[in-house]
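Q: There's a structure below that I have some questions on.
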Amino acid sequence: MNTNTLTRLEDALEHILQHVPMLADTEEVALNHLSGRVISETVKAGINVPGYDNSAMDGFAVNTDYVKAVGTVLAISQIIPAGKTGVKLEAGTAARIFTGAPIPEGANAVILQEDTEYDTGQVKILQVPKVGQNIRLCGHDIKQGDSIFQQGHKLLPQDIGLLASLGIPKIKVYRPLKVAILNTGDELITPGQRLSPGQIYESNSYTLESLLNDLGMRTQKLGIVKDDLSATQDALLKAAKESDCIISSGGVSVGDADFVKNAVENLGALSLWKLAIKPGKPFSFGRVAEVPFFGLPGNPVAVFVTFLMLVKPYLLKMQGAQNIDPGKYCLPAGFEVSEAGSRQEFIRVRLDRNLQALIPFSHQGSSVMTSTSWADGLAIIPINTPVKKGDLLEFLPYSGLL
Ligand code: AMP
Ligand code: MG
């Protein structure tokens, strides 16, 4: 590890994603607790969906051989509501049929009730039907034996509905990762307590806990750790015993009170330190004993950005997820930056839908958490690149990032 040069984000990502320990533990989980979980084995359909040819509309099931002209009148020989099966359609008649009801044998089209005039005994057809119209064929959505989800798929709410439609009550997923969070700083106190001069409220652990919980992961908060080498080591050792991954914030700069680097090196190793990104330069990665360790900066915006750009992809991969890409769009800058920066910048921006342009928050300081709440996402300014209005920038919306 060269401690003088700053590592670029793409190199840092390549490095940390190279050796991600894969979780082997799985558990069977019921549908109502599956959202956000990662599937550990391919799921196949045990049935066809739909399971039988059925009507897409309320109307009349007919055989097109008997309806060749507008004005044809057919006797109504049966009524088939959803949930019932009819009988073979008598030649030259129509079946009153409702949405979702099985198509009776002998029928090959459903005529919308709006395209008819009818009473209880007969129906006059006002539009000549085509073969197959308004019939949802057996298996047209899913065929029995189809692979529905591959191993590594992270389940979305609509996926849970799809599993239910296949009659699957539970499936195997990876157990949730357990991530330890510790926060260093003598100035920090917990919200709810009274502030003394020189103190600030500890907020990073709350951001991290929420980010992790939203990923379906479990957290273990080790609390506020004093700026002291042995206190830091004790907390890291406890975290390593009880978790799959450790995230710390603060104490990784080069100040006299920054003990995290030394503590990790005493207990394991650091393989990355300091990145060419803004905010987030004092980022470190390594291991405590054999447990992966992320040392995030102390500044709250840097915590937010480095978690999303580096820690989240790592944890998703560790959790078994295949897709770890947040999704990017190129959009025009609605602002200028005249001076090229030596670090890749993550600007908190809103997407102005009228201007179709990215608008930055007024204060981009790494301690200004308001910027993160105000924004719709992050825009990236590459290294050594001044920005003119209208230049296309990569935009990572929160909808893909969070
Ligand atoms: P450090 O990297 O420890 O020097 O911290 C950088 C800045 O982030 C300082 O202004 C700290 O007070 C602040 N900071 C560190 N940890 C936290 C935290 N957990 N919550 C809020 N602010 C923090
Ligand atoms: Mg500190």
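Each reported figure results from applying straightforward, stated rules to the coordinates on display, with no laboratory input. Bear in mind the structure is a predicted one, so any value in this text is a computation, not a measurement. So basically every Cβ, Gly included, is an ideal-geometry build from the backbone, and we count neighbours across all protein chains shown.
Q: Roughly what angle does helix 204-214 make with the longest principal axis of the chain, taking Cα atoms, 0 to 90 degrees, to the nearest 10?
A: Computed tilt is about 20 degrees.
Q: Now a separate question. In a Gaussian network model over the chain where Cα atoms closer than 10 Å are linked, find which of ALA235, ALA375, ALA61 has the largest mean-square fluctuation.
A: Checking each option, the largest mean-square fluctuation is seen for ALA61.
Q: Further question on the same structure: Mean-square fluctuation check for the chain, GNM, Cα pairs under 10 Å: which of VAL368, VAL70, VAL305 is largest?
A: Result for the chain, Cα springs under 10 Å: VAL70 fluctuates most.
Q: Could you go through the stretch 244-252 in sequence order and give the Karplus-derived ³J(HN,Hα) for each residue, using 6.51 cos²θ - 1.76 cosθ + 1.60 with θ = phi - 60°, rounded to whole Hz, and x for Gly and Pro?
A: 8, 7, 10, 10, 10, 10, x, x, 10
Q: Further question on the same structure: Roughly how big is the chain's charge dipole about its Cα centre, with Cβ charges of +1 (Lys, Arg) and -1 (Asp, Glu), in debye to the nearest 20?
A: Numbers: 36 positive and 41 negative charges, 29 e Å.
For this selection, approximately 140 debye.
Q: At each listed q (0.12, 0.13 Å⁻¹), what is the log10 of I(q)/I(0) that the Debye formula gives for the chain modelled as equal alpha-carbon point scatterers?
A: Reported log10 I(q)/I(0), two decimals: -0.94, -1.04.
Q: Determine the distance separating the Cα centre of the stretch 245-315 from the Cα centre of the stretch 367-402; give it in Å without decimals.
A: For the stretch 245-315 versus the stretch 367-402, the Cα centre distance is 22 Å.
Q: Also, quick follow-up: With the chain treated as a Gaussian network of Cα nodes joined by springs under 10 Å, which of ARG218, ARG343, ARG194 yields the largest mean-square fluctuation?
A: ARG194
Q: I'd like to know which of TYR66, VAL29, GLY106 lies farthest towards the positive end of the charge dipole of the stretch 1-153, counting +1 on Cβ of Lys and Arg and -1 on Cβ of Asp and Glu.
A: Farthest along the dipole direction, towards plus: TYR66.
Q: Report D for the stretch 329-397 in µm² per second (integer): Stokes-Einstein, Kirkwood Rh on Cα pairs, 10 °C, 1.306 mPa s. Write down the numbers at each step before the final one.
A: Values: Rh = 11.9 Å.
D, rounded to a whole number, is 134 µm²/s.
Q: With a cut-off of 8 Å between alpha carbons and a minimum separation of six or more residues, what is the relative contact order of the chain in percent? Can you show the working numbers first?
A: Values: 915 pairs, mean separation 63.6, N = 402.
Contact order relative to length: 16 percent.
Q: As a quick test, which of the pairs LYS226/LYS261; LYS221/LYS241; LYS178/LYS317; LYS178/LYS261; LYS178/LYS281; LYS178/LYS221 have an alpha carbon distance above 18 angstrom in this structure?
A: On the way: LYS226/LYS261 14 Å; LYS221/LYS241 13 Å; LYS178/LYS317 14 Å; LYS178/LYS261 23 Å; LYS178/LYS281 26 Å; LYS178/LYS221 10 Å.
Going by Cα-Cα distance, LYS178/LYS261; LYS178/LYS281 fall outside the 18 Å limit.
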